[in-house]
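The values are calculated or read from the model by the stated rules, or taken from the named source; none is laboratory data. Predicted, not measured: the structure shown is a model, and the values here were computed from it. Here the Cβ is made from the backbone with ideal geometry for all residues, glycine too, and neighbour counts use every protein chain on show.
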């Protein structure tokens, strides 16, 4: 007999014979706490999350997903679903319940003639980039190669291509989904369009996606990208230059900023290492012959410590920030959406960076607008179609003794920025303690429809371990 946490918060005993019957139906594996691979499946990117499920189904395909969902539902077990395991909130694993681990389902299949890709939910951005770029194709995703394609997509997804081609969900063509009933369905604009609408930004609330189909676009494989690193003392002129540049930027140009202490990058002088800096990170995906002239002003916002920029493989550029985001550190995020980077926002960010609580903490400014905002707010579950910038306060440290200091810094900066923000938030940037922001912040005008669809597709809220949308009564 194995005790599982159930959906009512109590415990349910499951006979060993019942577990063995489940094991026999799986193509993948059923892992118990003493089994090899158990700790690998339960370990997430964010080291603040350390939970021990009673059992893990490590799925090999859609059939295993159906078996796991049916088992959890029939026995009223607490169910967590893991894709890439990168989400900041850490809800991909639970204590005492059943974990459905999709990370072994990593296939990426490209149809170059149709310019489509079929992607399983365990694939990471790096898997997707390497496969699609072999054909000179891609679709908008994130900026860190270890991010999971599934969680990124279900929350919306944005990165270097989004200003030209929209969000990841704007390029999603279809999805295979296992519902809470255990039924396998296909969702698209013509098949189950309500479910397809909800999947595009509604997170893991509506089912377990076992395959995504994306529209691909020609890209690279070479792009013009890089970093220009300025001393923090020049922040005022860097912000002024950034505001003017982004206001005039075309769809092929994306420029982000990062405020942090300088890591030991090889192109920086050693005396700059560890000093507060403003990093201008850019990617030009347009005509290569026009890229150098277009990006040249980014080098002239001030007198930089150094720069590393030029033509490079897009798949390589996607790994540029990986060394700053390796697994195993403690992480806590706070985020806001903005229509403009005002002087007040600039001042608040610079004041906060002067008091960084650890060497790995940073604030990044994501550049959106353009094609992202040419989709109506009601067309997808993701509603934030009037946002020009996203600021994510990324707090990162190593020792548990620093938890209070680092989390307190992030919350203080978040509070200071609140009067200048839209009130909206990108759901993938929300930490575990922000459930109160789901309705108004993450989904706003789309929340009522999402709650009604949740009642249709998951009335018992089996898929509750996410930024949860409660079923409408």
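A few notes on this one:
Residue-wise test of (1) free of Cβ contacts under 8 Å to residues at least 40 places away in the same chain; (2) over 21 Å from residue 1 (Cβ atoms); (3) under 19 Å from the mean Cα position of the chain (by Cα).
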{"site": "38", "(1), (2), (3)": "yes, no, no"}
{"site": "53", "(1), (2), (3)": "no, no, no"}
{"site": "58", "(1), (2), (3)": "no, yes, no"}
{"site": "64", "(1), (2), (3)": "yes, yes, no"}
{"site": "67", "(1), (2), (3)": "no, no, no"}
{"site": "79", "(1), (2), (3)": "no, no, no"}
{"site": "84", "(1), (2), (3)": "no, yes, yes"}
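Okay, residues lined up against (1) without any contact (Cβ under 8 Å) to a residue 12 or more places away in the chain; (2) surrounded by 24 or more Cβ atoms within 10 Å (Cβ to Cβ); (3) over 23 Å from residue 100 (Cβ atoms); (4) in contact with a strand residue (DSSP E or B) (Cβ under 6 Å, 6 or more places away or on another chain):
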| position | (1), (2), (3), (4) |
| --- | --- |
| 207 | no, yes, no, yes |
| 211 | no, no, no, yes |
| 221 | no, no, yes, yes |
| 233 | yes, no, yes, no |
| 237 | no, no, yes, no |
| 244 | yes, no, yes, no |
| 250 | no, no, yes, no |
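- Residue check for residue 417: touching a helix residue (DSSP H, G or I) at 6+ places or on another chain (Cβ under 7 Å), assigned by TED's automatic domain parsing to the domain that holds residue 182 and part of a helix (DSSP H, G or I): no
- Taking the criterion of being over 16 Å from residue 213 (Cα atoms) and in contact with a strand residue (DSSP E or B) (Cβ under 7 Å, 6 or more places away or on another chain), the only residue of region 166-182 that qualifies is 179.
- Residue within region 337-347 that is within 19 Å of the chain's Cα centre (by Cα) and within 21 Å of residue 242 (Cα to Cα) present: yes
- Hey, residue 400 more than 21 Å from the chain's Cα centre (by Cα) and touching a residue at least 40 places away in the same chain (Cβ under 8 Å) or not: yes
- One residue stands out among those in region 125-145 that are free of Cβ contacts under 8 Å to residues at least 40 places away in the same chain and not in a loop (DSSP other than H, G, I, E, B): the one that is farthest from the chain's Cα centre (by Cα), which is 131.
- Selection within region 348-377: residues that are in a helix (DSSP H, G or I) and under 29 Å from residue 326 (Cβ atoms). The member of this set that is farthest from the chain's Cα centre (by Cα) is 351.
- Looking at region 207-271, the strands (runs of 3 or more DSSP E) lying wholly inside it that each contain 2 or more residues that are closer than 30 Å to residue 466 by Cα, touching a helix residue (DSSP H, G or I) at 6+ places or on another chain (Cβ under 7 Å) and modelled with pLDDT of 95 or more sit at 208-215, 253-261.
- Flag if residue 297 is in contact (Cβ under 8 Å) with a residue 24 or more places away in the chain and either outside any helix (DSSP H, G or I) or in the same structural domain as residue 391 (by TED's automatic domain parsing) (or both): yes
- Count of region 90-113 residues which are on the phi > 0 side of the Ramachandran plot and more than 19 Å from the chain's Cα centre (by Cα): 1
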